[in-house]
Amino acid sequence: MANVAAGRNGGNYVAVLNLIRFGVGLLVICSGALAEPIVTEGGPVAGVQEASARVFKGIPYAAPPVGDLRWRAPQPAPAWTEALSADKFSPVCPQTGSYPPEWPVDATSEDCLTLNVWVPPHQAAEKLPVMVWIYGGALENGASSIALYFGDRLAKRGVIVVSFNYRVGVLGFLAHPELSAESAHRGSGNYGLLDQIAALNWIHRNIAAFGGDPGKVTIFGQSSGSISVSTLVASPLAKGLFQRAIGESGGLFEPVELDPSFTPKGAEQAGERFAQRAGAKTLADLRSLPVDRLVNTPFAPQFVVDGFALLKSPYDAYRAGEQNAVDLLVGTNSDEGQVFLGKTAVTVSNFKSVLAEHFPSLLITLIGPHPGTNDSQARASAAAFETDMRFRWDMWTWARLASGARQRKAFLYNFSRVPPFAEGDRYFGLGATHGMEMPYVFDHLDLQKVDWKAKDRELASIIPAYWTNFAITGDPNGAGLPNWPQFQPSQSEVMVLGDEIGPRAIARTNQL
């Protein structure tokens, strides 16, 4: 385990032990100095002071999943005795590319199961709500260390923010008959999901040492991170590990029973085909392959209804009343589908063939989206179909299911602000497309070279206030904010977060 001892800053933390504590926390002499160690179950960790928060980076929550631990459930991290200098992020879990694509990842390594904690100043006896971020990236990419996800601005609002790495791609989601045979629960796949649960268990056991309340945890994620949230809500292994959930543009509510790859047998068959492509005849062969060979061999990761981490799909869990009881805040962006079309020229004549690249032709025929009468209408119709099929139906359905579940609260939003990207930017002309809300959620507009307007600054203040209010009280509303009513299926309203802020009728309900 890299840097388990105090190697990089050996002894530096000792001087910090003599600093005087005031009621609001540790008095730090200069930004970047190691702060007083906090004792976790694995050993002491010494974070750093950055701006207004103490930050602890790269804390191991599980053992490195290497060697014989590749494609096994996460195991406990080895303990350490000297203070771990938690001043640098760990490597990113192996992957090709990055998500978001404009945020390239740092060095990768299979030794990546770590988490990061942002702690604001607070009274010693105070127990703060906790927000746990789960990154997206189609279960293929993602990292907790990119600056877009830094929790410093959210922490200023009175919450502890935690992010963590979890295995993605083939290392996180490979199922295979030999893996199932060696497993105690006779199943395989979902290693990335088990990593998420392991991280939440670590937080439940250790966050009080940082001043957090283990009984007031909110998980939040975007894209496949939001799909992960929906899966965790349905997982019996995650019961009691969080009380609130925020999902941004992603949920697993489609009829997965129609797709055999979501079943244990179907997932194992997909794993066998992967092994053939990788040139491996046995599980031992797979475990001996270099990681670059694995991640560069095509593989489509997804969750599996494995009878262990996931007994039922989220939809079926809600219908049976077997989901974990949590308050919910979910939503989509107005133009999600634009980014999936990219710069593709959509015309009346090629309309169905463009959609057929992403969806089964039978589905397109059954639902019957119409291209309109000109190419501009065809592009808009294709983007709307992508938006509805990929995101809007799932989030609307999630809110409808949750609104009557065990008297828990549900809130539904639509992010409609079009960021002022300049011509030539990858997102210019794509509207309020997939992922555009994230700089506003984390209040990190200034990390991008964009000519932000007053409305953008306003939203980057209001949206984090809604998110943190929800984490603190279970309700996004607060002083000075436009009122956000609870979602009621009978009223069919959504909270619009854009140039105007307020509840509006849900658009295109006939398509939904």
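Odds and ends about this structure:
- Projecting the Cα positions of 362, 380, 397 onto the charge dipole of segment 351-401 (unit charges on Cβ atoms of Lys, Arg, Asp and Glu, taken about the Cα centre) puts 397 furthest along the positive direction.
- Remark: the chain carries a charge dipole of roughly 560 debye about the Cα centre, counting +1 on each Lys and Arg Cβ and -1 on each Asp and Glu Cβ.
- Relative contact order for segment 449-512: 20 percent, from Cα pairs under 8 Å spaced at least 6 residues apart, divided by residue count.
- Eligible aspartates and glutamates near residue 352 by straight Cα distance, threshold 18 Å, same-chain separation 8 or greater: 375, 386, 388
- Net charge of Cβ neighbours under 15 Å - reference residue 62; Lys, Arg +1; Asp, Glu -1: -1
- Note on the chain: dipole from Cβ charges, positive end direction compared against 176, 439, 118; the farthest Cα belongs to 118.
- With all protein chains modelled, accessible area of residue 205 [1.4 Å, Å²]: 130 Å²
- Solvent accessible area, Å² - residue 409, 1.4 Å probe, full protein context: 60 Å²
- Ranking 389, 395 by solvent-accessible area of protein heavy atoms (1.4 Å probe, all protein chains present), from largest to smallest, gives 389, 395.
- Probe 1.4 Å, accessible area per residue of segment 103-242, Å²: 26 Å²
- Most to least packed among 308-314, 445-451 [average Cβ atoms within 10 Å]: 308-314, 445-451
- The relative contact order of the chain comes to 12 percent, based on Cα pairs under 8 Å that sit 6 or more residues apart.
- Cα centroid separation, segment 182-209 to segment 438-488 (Å): 31 Å
- Expressed as a whole percent, the accessible area of segment 248-367 that falls on carbon and sulfur atoms is 55 (1.4 Å probe).
- Farthest toward positive dipole pole in segment 408-512 [+1 Lys/Arg, -1 Asp/Glu at C-beta], among 484, 497, 416: 484
- Around residue 117: net Lys/Arg minus Asp/Glu count, Cβ-Cβ under 13 Å: -1
- Among the listed values (1) -0.43, -0.72, -1.24; (2) -0.41, -0.66, -1.28; (3) -0.28, -0.50, -1.35, the one computed from these coordinates for log10 I(q)/I(0) by the Debye sum over Cα atoms at q = 0.06, 0.08, 0.13 Å⁻¹ is (3).
- Summary of packing: across the peptides 72-84, 226-238, 321-333, the per-residue average of other C-beta atoms within 10 Å ranks them, highest first, as 226-238, 321-333, 72-84.
- Violating pairs (Cα-Cα greater than 30 angstrom) within the set 88/453; 57/453; 343/455; 57/239: 88/453; 57/453
- Summed residue charge, Cβ within 12 Å of residue 294's Cβ, Lys/Arg positive, Asp/Glu negative: +2
The values are calculated or read from the model by the stated rules, or taken from the named source; none is laboratory data. Computed from a predicted model, the values in this text were never measured in an experiment. So basically every Cβ, Gly included, is an ideal-geometry build from the backbone, and we count neighbours across all protein chains shown. We work out accessible area using only protein heavy atoms, side chains counted, and drop any ligands, DNA or RNA first. Shrake-Rupley method; radii C 1.70, N 1.55, O 1.52, S 1.80 Å.
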